[in-house]
Amino acid sequence: MNQTEAHPDSGPVAIICGGGSLPLTVADAVRRRGRAVVLFPVHGWAESSAVAGYPHHWLRLGGLARFSRLARQEGCRDVVMIGNAIRPAIHELRFDWLTIRLLPTIFRIFRGGDNKLLSGVAKVMEEHGFRLIGAHELAPEILVAEGPLGLIKPTASHDRDIADGLRLISAISDFDVGQAAVVANNRVLAIEAAEGTDLMLDRIVALREEGRIRIPDNTGVLVKSPKPTQDRRFDLPSLGPRTVEKAARAKLAGIAVAAGETIIAEPLRVVEAADRARLFVVGVRRPGARP
């Protein structure tokens, strides 16, 4: 099935924006492919300077009625959710009239991991006439390709750590936790949970400084992969220059991400940062992944 058959709509794409550079990476890619975009940055997550160059409407958490009204006015049916987000507590939501009507559903989808929450939000939006799609479905070039991205390549020892990391992430998938782990010489050093990748890498730095991790510098691999049961329309793992900088500060040997299933922001800067730090960055095929 080609892209046009999968998504025949030619109207603007609504992009609900979290933090970081990924929303703009997606917006730029979609616009290069000839479709207009309208950004819906979320207060507390997105940055004002990041959305200034696009048509946009600010949202507050829980503002489903406002989004529905504005997205319809803009002619948007397709919706992409992308960017860094901190899972809110229910009391932090700013309930509008539509959200209040959906409170029983909202309470139910909050009882679970992030994948359950996001899938529940998607279902609610689809029931109101929108279509949630993955950013990569509209712009597949934002996905990491298989193979090394820079000058440095992993060794056979690194390949074993990468395989262990992928197997670990798959094994804990049923618990709907993180999408990343750090493995060094067949030893699991960290598993991503609610703190996210950056803070997990900060934890590696702290453990080194405390003497809790006594391994040589430039040892260990950050592995990122989606959970096998994950809804691919949103929350795919991501890679950007900041991830490389954090991995270098943690004195890791490199980063391995699931090829074709990881979104990359600012790829040129990623490669430059990796080569400068003498880190490898590689896309690897996850066992069992769809071709």
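The values are calculated or read from the model by the stated rules, or taken from the named source; none is laboratory data. Since the structure is predicted, the reported quantities are computational estimates derived from the model, not experimental observations. Ideal geometry is used to build each Cβ from the backbone, glycine not excepted, and the neighbour counts take in all protein chains shown.
Of the residues that sit in the stretch 219-240 and are at pLDDT 95 or above and assigned to a loop (DSSP other than H, G, I, E, B), which one is surrounded by the fewest Cβ atoms within 10 Å (Cβ to Cβ)? Checking each candidate, the answer is THR219.
So that you can scan it fast, the table gives a plain yes or no per residue for (1) in contact with a strand residue (DSSP E or B) (Cβ under 9 Å, 6 or more places away or on another chain); (2) modelled with pLDDT of 90 or more:
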| residue | (1), (2) |
| --- | --- |
| PRO55 | yes, yes |
| VAL80 | yes, yes |
| GLY83 | yes, no |
| ARG87 | no, no |
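Counting the residues of the stretch 263-290 that are of a type in the set (Val, Ile, Thr) and either without any contact (Cβ under 8 Å) to a residue 12 or more places away in the chain or over 20 Å from ARG160 (Cα atoms) (or both) gives 4.
Okay, residues lined up against (1) acidic (Asp, Glu); (2) buried (at least 22 other Cβ atoms within 10 Å of the Cβ); (3) under 14 Å from ARG77 (Cβ atoms):
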site: PRO12; (1), (2), (3): no, no, yes
site: GLY20; (1), (2), (3): no, no, no
site: PRO23; (1), (2), (3): no, yes, no
site: ARG31; (1), (2), (3): no, no, no
site: TRP45; (1), (2), (3): no, no, no
site: SER48; (1), (2), (3): no, no, no
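Run down THR219, THR262, THR229 and say which single residue is among the β-branched types (Val, Ile, Thr) and over 17 Å from SER170 (Cβ atoms). Break it down stepwise before answering.
On the way: THR262 fails: over 17 Å from SER170 (Cβ atoms); THR229 fails: over 17 Å from SER170 (Cβ atoms).
After applying the criteria, what remains is THR219.
In this structure, does ALA122 turn out to be of a type in the set (Gly, Ala, Ser) and outside the structural domain of ARG233 (by TED's automatic domain parsing)? Steps first, please.
Working: of a type in the set (Gly, Ala, Ser): yes; outside the structural domain of ARG233 (by TED's automatic domain parsing): yes.
In short, yes.
Of the residues that sit in the stretch 249-272 and are over 20 Å from LEU24 (Cα atoms) and in contact with a helix residue (DSSP H, G or I) (Cβ under 7 Å, 6 or more places away or on another chain), which one is surrounded by the fewest Cβ atoms within 10 Å (Cβ to Cβ)? Restricting to residues being over 20 Å from LEU24 (Cα atoms) and in contact with a helix residue (DSSP H, G or I) (Cβ under 7 Å, 6 or more places away or on another chain), the top hit is ARG249. For the stretch 58-75, the set of residues classified as closer than 30 Å to THR197 by Cβ and either in contact (Cβ under 8 Å) with a residue 60 or more places away in the chain or assigned to a loop (DSSP other than H, G, I, E, B) (or both) consists of TRP58, ARG60, LEU61, GLY62, GLY63, LEU64, listed by residue number.
With the structure loaded, tell me whether LYS246 is in contact with a helix residue (DSSP H, G or I) (Cβ under 7 Å, 6 or more places away or on another chain) and not in a helix (DSSP H, G or I) or whether it fails that test.
no
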